[in-house]
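Read through the structure below, which is laid out as structure tokens, and then see the notes.
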């Protein structure tokens with residue numbers, strides 16, 4: 001029971017981190033109709049920028065907070081310089097150009113920060129463990145990720161559902177041409193959405209950094225999972241991204257925590273321990289395929 | 001427009017190429033990872049290979065030599081392409097480097113069989129090449145993958161550790177490492193996990209399983225950047241101080257600056273440590289430190305040895321590498337001063353060597369480094385040698 005609780009918390013923590021990354025991706029894809037492969041690069045840039053700022057300020061919290069407006073600016077600049085030219089083009093051109101951006105950012109990081117990875121230490125006040133139940137410790141830092149992720153998710157839900165900007169975002173997701181025709185400054189909206197997406201990606205990157213180290217290409221691995229999430233959740237839907245991220249987080253943990261033991265009940269230990277990682281690796285994609293058969297536009301996607 | 005076949009440029013080019021041909025430098029291809037998250041390892045290997053070149057005065061057997069570096073980008077298919085390019089286009093005399101077992105396995109045939117070129121692995125040592133895939137054109141200046149964990153297992157067995165939980169990534173080397181430690185450690189295995197390679201960065205699920213399994217110790221194999229991640233999460237989970245960690249290839253001179261004090265007191269096994277008291281090693285470590293301000297890693301030491309091994313063969317043949325049989329015979333003698341101390345090649349061209357237990361400590365200047373604390377096994381022969389048909 002304790003063990004189950006611990007693993008579920010791990011799933012929630014992973015899911016929230018993935019949600020932060022997927023939120024920006026689903027917004028840019030849904031509203032701007034832009035396939036942005038370089039979203040993972042913003043995740044990486046967030047972590048590197050935070051590393052530098054934490055070094056300067058000598059405080060994790062201060063460095064992390066300063067990193068957010070910095071990456072917002074970075075997002076605005078990337079949008080103005082590169083993305084704006086891609087909206088009118090088809091998805092293949094966008095894939096090509098944003099793939100180029102990945103290479104550009106990876107090289108940029110190498111030039112600025114060097115090829116070796118960096119590490120951000122878990123801040124002192126979060127480096128202990130918290131007993132969630134007697135005799136069951138859980139890292140305080142992972143709790144902090146859950147807390148920040150949950151707060152951001154609530155804020156985002158409020159922003160999208162209750163504010164004027166959110167209304168425009170929702171309108172943009174359902175019919176882009178119409179809101180442009182109604183005289184909304186679509187360029188400004190796009191800049192804002194892209195910048196916001198960059199901030200969320202950077203937040204995910206800098207929060208993941210103490211757990212996984214800061215390195216070149218760190219966003220590329222996780223980006224595929226983020227795409228899976230937005231496809232499951234329905235492109236353009238924040239609610240969908242949240243539900244799908246939670247689902248993927250739990251699936252990932254189940255695949256790693258319970259599948260090997262389950263397989264061992266009817267397979268040899270050797271066969272089970274080599275089959276389990278292979279199966280858990282494809283589990284997420286199997287679920288995605290299942291969802292797409294059941295609901296071709298994703299769980300909360302716009303019906304077309 | 002007609003192009004002149006022999007324009008003035010062609011003649012000049014021909015004339016220029018003449019003295020170059022007369023000298024015909026010895027060429028060594030070097031395949032390693034120079035980009036991406038594991039680029040720091042490739043850089044350390046390059047620095048050591050360049051230091052070897054400097055110590056040799058840029059010559060072996062009286063001939064100048066050059067090292068052509070190629071980036072495998074951490075991918076087996078790219079590694080194979082780069083190996084083919086080195087053999088077919090650059091016409092190198094030797095190919096060395098290779099951090100990753102899966103990259104080496106993909107590249108082996110292209111170099112040794114199709115290219116009939118000698119390959120010296122400076123790190124990867126998959127069991128297949130030590131056993132039935134062994135090859136007369138293949139030499140190793142490292143080890144077979146099973147051997148280092150075997151040394152660790154042997155030490156833990158003697159130390160009286162009752163049970164272990166094993167973790168490694170799910171690829172060729174990870175499987176060998178797990179098999180290796182189980183060969184010598186006879187206590188209970190409380191559990192074992194293979195994790196996704198190379199993209200799994202989060203070990204929370206596995207650490208929770210370890211907590212539930214309550215082993216006497218944890219054994220891990222997480223090379224390079226992954227070792228940093230594992231150690232950080234192990235410390236954050238609160239398991240540090242409760243269940244001791246034992247490692248192979250997960251704490252080294254490259255990862256230490258990021259692992260920092262978290263690595264202190266964690267034991268590991270290795271065939272080379274920077275404080276081994278032989279003259280070749282003292283010179284290598286001192287000059288490396290002077291040049292780069294850091295300790296070299298075992299990857300670097302093995303790369304240094306690879307260049308020195310090639311140099312010893314070229315030296316014995318006075319730079320004439322035309323007869324491959326003679327080159328192979330000279331290589332097999334391992335007639336050079338290895339930084340790990342002298343060793344012999346076994347029938348499968350893998351070294352028969354000692355393995356040491358190392359601890360993480362701070363040196364006089366406060367810099368984190370590794371220190372030999374015990375000899376785990378002496379003159380160890382890898383467990384696959386008998387499966388290799390070569391004599």
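Take residue A:253 and decide whether it is at pLDDT 85 or above, at the interface with chain B (Cβ under 10 Å from one of its Cβ atoms) and surrounded by fewer than 21 Cβ atoms within 10 Å (Cβ to Cβ). For residue A:253, the condition - at pLDDT 85 or above, at the interface with chain B (Cβ under 10 Å from one of its Cβ atoms) and surrounded by fewer than 21 Cβ atoms within 10 Å (Cβ to Cβ) - is not met. Listed conditions (1) over 30 Å from residue A:109 (Cα atoms); (2) touching a strand residue (DSSP E or B) at 6+ places or on another chain (Cβ under 6 Å); (3) buried (at least 19 other Cβ atoms within 10 Å of the Cβ) are all met by residue A:137, apart from (3).
Mind checking which residues of the stretch A:280-304 are surrounded by fewer than 15 Cβ atoms within 10 Å (Cβ to Cβ) and within 18 Å of residue A:249 (Cα to Cα)? Once the filter is applied, which keeps residues that are surrounded by fewer than 15 Cβ atoms within 10 Å (Cβ to Cβ) and within 18 Å of residue A:249 (Cα to Cα), the stretch A:280-304 yields A:282, A:285, A:286, A:289, A:290. For the stretch A:150-163, check the following and say yes or no: at least one residue is under 30 Å from residue B:38 (Cβ atoms) and either more than 9 Å from chain B (Cβ to nearest Cβ) or touching a residue at least 40 places away in the same chain (Cβ under 8 Å) (or both). Within the stretch A:150-163, not a single residue is under 30 Å from residue B:38 (Cβ atoms) and either more than 9 Å from chain B (Cβ to nearest Cβ) or touching a residue at least 40 places away in the same chain (Cβ under 8 Å) (or both). Residue-level analysis places residue B:242 outside the set of residues that are within 14 Å of chain A (Cβ to nearest Cβ), part of a helix (DSSP H, G or I) and more than 30 Å from residue B:379 (Cα to Cα).
In the stretch A:196-226, what count of residues is obtained for those that are closer than 23 Å to residue A:107 by Cβ, more than 14 Å from every other protein chain (Cβ to nearest Cβ) and surrounded by fewer than 24 Cβ atoms within 10 Å (Cβ to Cβ)? Even if it seems obvious, please write down each step before you answer.
Kept after step one, since they are closer than 23 Å to residue A:107 by Cβ, are these residues of the stretch A:196-226: A:197-198, A:201-202, A:204-206, A:208-209, A:212-224, A:226.
If we keep only those that are more than 14 Å from every other protein chain (Cβ to nearest Cβ) as well, we get A:197-198, A:201-202, A:206.
Those left that are additionally surrounded by fewer than 24 Cβ atoms within 10 Å (Cβ to Cβ): none.
Looking only at that region, the number is 0.
Selection of the stretch A:35-51 for residues being away from every other protein chain (no Cβ under 14 Å) and either under 21 Å from residue A:82 (Cβ atoms) or without any contact (Cβ under 8 Å) to a residue 40 or more places away in the chain (or both) yields A:35, A:36, A:37, A:38, A:39, A:42, A:45, A:46, A:49. When the residues of the stretch B:289-303 are filtered to those that are in contact with a helix residue (DSSP H, G or I) (Cβ under 6 Å, 6 or more places away or on another chain) and under 16 Å from residue B:275 (Cα atoms), the one that is surrounded by the most Cβ atoms within 10 Å (Cβ to Cβ) is B:300.
Considering the stretch B:17-50 alone, what residues qualify as being part of a helix (DSSP H, G or I) and modelled with pLDDT under 85? It would help to see each step written out before you state the result.
Residues of the stretch B:17-50 part of a helix (DSSP H, G or I): B:17-23, B:39-50.
Those that are part of a helix (DSSP H, G or I) and modelled with pLDDT under 85: B:17, B:18, B:19, B:20, B:21, B:22, B:23.
Please work out which residue is modelled with the highest pLDDT, limiting yourself to the stretch A:2-34 and to residues that are out of contact with any helix residue (DSSP H, G or I) (no Cβ under 7 Å at 6 or more places or on another chain) and at the interface with another protein chain (Cβ under 9 Å from one of its Cβ atoms). It comes out as A:9. On the stretch given as the stretch B:369-391, residues that are assigned to a strand (DSSP E or B) and more than 22 Å from residue B:285 (Cα to Cα) total 5.
The values are calculated or read from the model by the stated rules, or taken from the named source; none is laboratory data. Computed from a prediction, not measured in an experiment: that's the story for all the values here. All Cβ positions, glycine included, derive from the backbone under ideal geometry; neighbour counts span all protein chains shown.
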